[in-house]
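The block underneath contains the structure these notes are about, expressed in structure tokens.
The values are calculated or read from the model by the stated rules, or taken from the named source; none is laboratory data. Values in this document were obtained by computation on a predicted structure and should not be read as measured data. Positions of Cβ are backbone-derived with ideal geometry, glycine not excepted, and every protein chain shown enters the neighbour counts. Surface accessibility is based on the protein's heavy atoms, side chains included, excluding ligands, DNA and RNA. Shrake-Rupley method; radii C 1.70, N 1.55, O 1.52, S 1.80 Å.
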Amino acid sequence: LRFDSLEKLIFISGIINKGNIPAIAFNNDGIVTYASENIANFFGITHHEIINNNISVLNKFIPENDTAKNKDITKEFKDGEKYLVRMTGNSGEIIWMEWAYKDFSKNIKVILGQDASEKIELENTYELLVQNAEDFIYRCDTYGNYIFINDVSFSKLGYTKEDLIGVNSLTLVHEDYLEEIKAYYQDHFISQKKSSYKEFPIRKKNGDVLWIGQYVTTIFSAGSDDLITGFIALARDITDIREQQELIREQRDSITSSINYARRIQYNLLPHKNYFKSNFSEHFIISKPKDIVSGDFYWMRQIENHTVLVLADCTGHGVPGSFMTLLGFNLLNTIVLEGRTLNPAQILTELDKKLIEYLPRGEGKNTVNDGMEITICVFNDTTNEMSYACAGSRFLVYENNSFTMFKGDNKHIGDNEEGFSGYNSYYKEFKGAFNLFLFTDGFQDQFGGPKDKKYSFRRLIELFETNIDLPLTEQRRVIENDFELWIGNSQQTDDVTVLSVARESIKKNE
């Protein structure tokens, strides 16, 4: 073609005729000297009908009122450029043809066509989606300057294209977050992340602050994994969501603050450590609430020549459990301190009756079926005797180099059990010094370890046995460490309380 060789055109026509790119050659007067045979695949005309006719014959395949219909290709097309023309196909459908124009010599011009209908349709669909999307969509170059912004962004932010196109995207970022977002973008590009997400505030044209949640996708040069040409971002207005989150956070902080205060109240209701020191030679207390407040509690009072020690595990944990502990404190004060009741079975029986009275059992949304497991030990401070009663609980005594487990009645406080006539008291006389271990079931029921199983009561006894020769304060440290190692990354499943006291043998007066 470069040498005005008609033979060249004939040579390549065998390839062109079988392809999907129509080719037409014409001279300076517009007379067609060559047309590929595949022209008939696109328009209602054959290559024979085009040859020796003026190139303007193609204009009849351009719809009426189209601006391209009366264009003179020989004068208006420029060398090396492409022209997108809407034309009528064989079946009367509209197709988009993209014509590439080339001046091969002074008297030979060639146009090569390509059906761009699918491409145009995709582009139009993409543009409709982008322009009508509810989200902000924009594209920036490697310097962060806007090169495209969809219409929604302008309407929601109040800016015009003149305000933003070519402007750096950081200019919209709220000044308090500018350095943070600048560092975020730098990290995104230095690390060559394919995409990332960030929430930050921007300013509208009227000065109002709007929070956006922005997804940034890096645009790499075609065929390259490291040459960045810019980025495209999709952002959503999350101002309302942020305001709701802030309200929730404030409410959560307020609730947490209230619960923390309740925790201080609950803690101060518990017997002070000095009270234990005055009644026992040694002691330790391990208290690990699952939540801020606990459904476990311990209670101790000295009346006349007796020391009453109580450990209870109320149904539930957290706030509901803590309300039950307050009720338990109050009922024990009423029964033991005001009623001067020292028989452990009578204490439990009275506690059971009052709890059912205050919290009616049954069905319905206003009924409560909660209760508690509880151990009561009453020490005679002038002898070596102890009376005890249990409601669904158990405890351990270490004496004479061995552990003994003690149990009472299986009925929990608050349970409805037909035919139950009351709890039973049991008695134990110590022959020498002893250690008492009271515990709720939170420790032994805790999941963890290498197989994520319960700790188990057997393992708990072994833990006590292994460390029994240590001072109680050291035993506490070992027991707590073992619990932490067992739970690992698991979640605590229940409140945990372990309490141990030691007493020397009381010498009887002759």
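Restrict the check to region 351-374 and report whether at least one residue is acidic (Asp, Glu), open to solvent by less than 40 Å² (accessible area, probe 1.4 Å), modelled with pLDDT of 90 or more and not in a strand (DSSP E or B). Yes, region 351-374 has at least one match. Residue count for region 86-109 under the criterion of being polar (S, T, N, Q), open to solvent by 30 Å² or more (accessible area, probe 1.4 Å) and more than 15 Å from residue 43 (Cβ to Cβ): the result is 1.
Screening residue 305 on (1) open to solvent by 50 Å² or more (accessible area, probe 1.4 Å); (2) modelled with pLDDT under 90 shows it passes everything except condition (2). Residues of region 334-345 that are under 17 Å from residue 374 (Cα atoms) and either without any contact (Cβ under 8 Å) to a residue 60 or more places away in the chain or crowded, with 17+ Cβ neighbours inside 10 Å (or both): 334, 335, 336, 341, 342, 344, 345.
Just a yes or no: is a residue in region 260-270 over 30 Å from residue 286 (Cβ atoms) and not hydrophobic (A, V, I, L, M, F, W, C)? No: region 260-270 contains no residue that is over 30 Å from residue 286 (Cβ atoms) and not hydrophobic (A, V, I, L, M, F, W, C). Using the structure shown, decide if residue 187 is of a type in the set (Asp, Glu) and in a loop (DSSP other than H, G, I, E, B). Taking the combined requirement at face value, the residue does not satisfy it. All conditions in (1) open to solvent by less than 10 Å² (accessible area, probe 1.4 Å); (2) of a type in the set (Ser, Thr, Tyr); (3) part of a helix (DSSP H, G or I) hold for residue 275, with the sole exception of (1).
Restricted to region 379-469, the set of strands (runs of 3 or more DSSP E) holding at least 2 residues that are open to solvent by less than 40 Å² (accessible area, probe 1.4 Å) and touching a residue at least 12 places away in the same chain (Cβ under 8 Å) comprises 385-391, 394-399, 434-439.
Let's see how each residue does on (1) open to solvent by 40 Å² or more (accessible area, probe 1.4 Å); (2) touching a Cys at 6+ places or on another chain (Cβ under 9 Å); (3) modelled with pLDDT of 85 or more:
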residue	(1), (2), (3)
6	yes, no, no
35	no, no, yes
51	yes, no, yes
76	yes, no, yes
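Would you mind stating whether residue 65 is modelled with pLDDT under 90, within 59 Å of the chain's Cα centre (by Cα) and not in a helix (DSSP H, G or I)? In short, yes.
How many residues, within region 24-47, are assigned to a loop (DSSP other than H, G, I, E, B) and under 60 Å from the mean Cα position of the chain (by Cα)?
Qualifying residue count, region 24-47: 2.
Answer with yes or no whether residue 245 is within 30 Å of residue 213 (Cβ to Cβ) and open to solvent by 50 Å² or more (accessible area, probe 1.4 Å). Judged against the criteria, residue 245 is a match. Could you please let me know if residue 239 is buried (at least 16 other Cβ atoms within 10 Å of the Cβ), in contact (Cβ under 8 Å) with a residue 24 or more places away in the chain, touching a strand residue (DSSP E or B) at 6+ places or on another chain (Cβ under 9 Å) and among the hydroxyl-bearing types (Ser, Thr, Tyr)? So residue 239 does not fit the description; no.
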